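A.B. asks: Before we start, here is the structure in question, set down as structure tokens.
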Amino acid sequence: MRHLIDITDLTVQEIDELIATAEDIIANPARYAEVCHGRKLATLFFEPSTRTRLSFEAAMLDLGGKTLGFADAATSSASKGETVGDTVRVVSCYADIIAMRHPKEGAPYAAAQVATVPIINAGDGGHNHPTQTLTDLLTIHRERGSLDNFTIGFCGDLKFGRTVHSLVAALSRCKGIKFVFISPPELRIPDYVKENTLDPLGLPYTEVESMEDAMPELDVLYMTRVQKERFFNEADYLRLRDTYILDPEKLSAAKPEMRILHPLPRVNEITVDVDKDPRACYFKQVANGKFVRMALIMKLLEVHA
Ligand code: NCD
């Protein structure tokens, strides 16, 4: 039985296969409409979500399966003090696969130790978010035609932004990627990402504060929200939340073929008048998220079209 806790649980070849399956689902949705007939996906969301939870549920419904679960820890027995392990043992009796989001780093890993069905990490605290990474990779692949040879700028909250950590890990295994980390000093990419992922492979990266200076060299700009819920005090959040605001004027220095990604939700960091720029890909990313999750559910349940 396979789980997806960390993006490196999948080999590069498996990720390529998931992208190929997602592309085939986009081209031939009817072929996949009943492949999960009789199967159930449980979504256990101990933290807020719109896209991730609904895209998992839409994915299972579009595969002909059914869904159950909760969207708020307060309505589950976690509020009575039940452990994650016990909750997952219980839900393993009711569902064939579980997607789980939790504010504590490592909770989906702990769940996988006791689960009797596959566990998918749908975001654990400020740590990882591997299915957002699959979404990001499918989007980059569709927009650029490959996952190799480009310069990507990550901008915003690189400390707490779990989607950044997982995407860096995935791209560290691709060829010819240059990383530019754009953040205020307080929200830099964690040392463990540099020490465990980038440095051992000798991968090129720079850390800068100015989005404007970095803009001209970027092929992909990955914007992020400042993660309010992970701050210890509100004053720091208020001071840092509007450090970067992407607008049409700043974009005028970007390459005409640069792509703008954002995992969403957006707060203030991209003005709405950027949405009509052909380089803006964040709503396409949302659509891609469902298709790649369909491919992932099929893989973990070992079903084929
Ligand atoms: C991200 C998350 O939950 O980490 N959202 C998402 O799943 N698309 C990003 C965020 O909340 O800022």
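The values are calculated or read from the model by the stated rules, or taken from the named source; none is laboratory data. Please read these numbers as outputs of a predicted model, since none were measured by experiment. Heads up, the Cβs are rebuilt from the backbone with ideal geometry, glycines too, and the neighbour counts pull from every protein chain shown. Quick note on the areas: whole protein, heavy atoms, side chains included, nothing else; ligands and nucleic acids left out. Shrake-Rupley method; radii C 1.70, N 1.55, O 1.52, S 1.80 Å.
A.B. asks: Say whether the condition of being under 20 Å from Arg293 (Cα atoms), assigned to a loop (DSSP other than H, G, I, E, B) and away from the ligand (no atom under 16 Å from the Cβ) is met by at least one residue in segment 146-162.
C.D. replies: Looking for residues that are under 20 Å from Arg293 (Cα atoms), assigned to a loop (DSSP other than H, G, I, E, B) and away from the ligand (no atom under 16 Å from the Cβ), one finds at least one in segment 146-162, hence yes.
A.B. asks: Further question: Of (1) hydrophobic (A, V, I, L, M, F, W, C); (2) away from the ligand (no atom under 16 Å from the Cβ); (3) more than 28 Å from Lys175 (Cβ to Cβ), Met215 satisfies all except one. Which?
C.D. replies: (3)
A.B. asks: Looking only at segment 124-145, count every residue that is in contact with a helix residue (DSSP H, G or I) (Cβ under 6 Å, 6 or more places away or on another chain), charged (D, E, K, R) and closer than 16 Å to Asn288 by Cα and tell me the total.
C.D. replies: Adding up the residues that qualify gives 1.
A.B. asks: As an exercise: evaluate Ser183 against (1) closer than 24 Å to His102 by Cβ; (2) open to solvent by less than 20 Å² (accessible area, probe 1.4 Å); (3) of a type in the set (S, T, N, Q) and give the number of the one condition it does not meet.
C.D. replies: Answer for Ser183: the failing condition is (1).
A.B. asks: Looking only at segment 281-302, count how many residues are within 16 Å of the ligand (Cβ to nearest atom) and free of Cβ contacts under 8 Å to residues at least 60 places away in the same chain.
C.D. replies: Number satisfying all stated conditions: 3.
A.B. asks: Sticking with this structure for a sec: Quick test for you: out of Asp24, Asp86, pick the one residue that is part of a helix (DSSP H, G or I), more than 20 Å from Leu296 (Cβ to Cβ) and modelled with pLDDT of 95 or more.
C.D. replies: Asp86
A.B. asks: Same structure again: I'd like to check something: does segment 37-44 contain any residue that is closer than 26 Å to Asn288 by Cβ, away from the ligand (no atom under 16 Å from the Cβ), hydroxyl-bearing (Ser, Thr, Tyr) and at pLDDT 95 or above?
C.D. replies: No, segment 37-44 contains no residue that is closer than 26 Å to Asn288 by Cβ, away from the ligand (no atom under 16 Å from the Cβ), hydroxyl-bearing (Ser, Thr, Tyr) and at pLDDT 95 or above.
A.B. asks: Kindly establish whether Arg239 is more than 16 Å from the ligand (Cβ to nearest atom) and not in a strand (DSSP E or B).
C.D. replies: Here the answer is yes, as Arg239 does meet what is asked.
A.B. asks: Let me ask something additional. Within segment 111-133, which residues are assigned to a helix (DSSP H, G or I) and within 10 Å of the ligand (Cβ to nearest atom)?
C.D. replies: Thr131, Gln132
A.B. asks: Turning to a different aspect of this structure: Given (1) in a helix (DSSP H, G or I); (2) touching a helix residue (DSSP H, G or I) at 6+ places or on another chain (Cβ under 7 Å), identify the lone condition not met by Pro263.
C.D. replies: Here Pro263 clears every test but (1).
A.B. asks: Restricting to segment 218-236, what's the tally of residues that are within 14 Å of the ligand (Cβ to nearest atom) and either open to solvent by less than 60 Å² (accessible area, probe 1.4 Å) or touching an Asp or Glu at 6+ places or on another chain (Cβ under 7 Å) (or both)?
C.D. replies: The number of residues fulfilling the criteria is 8.
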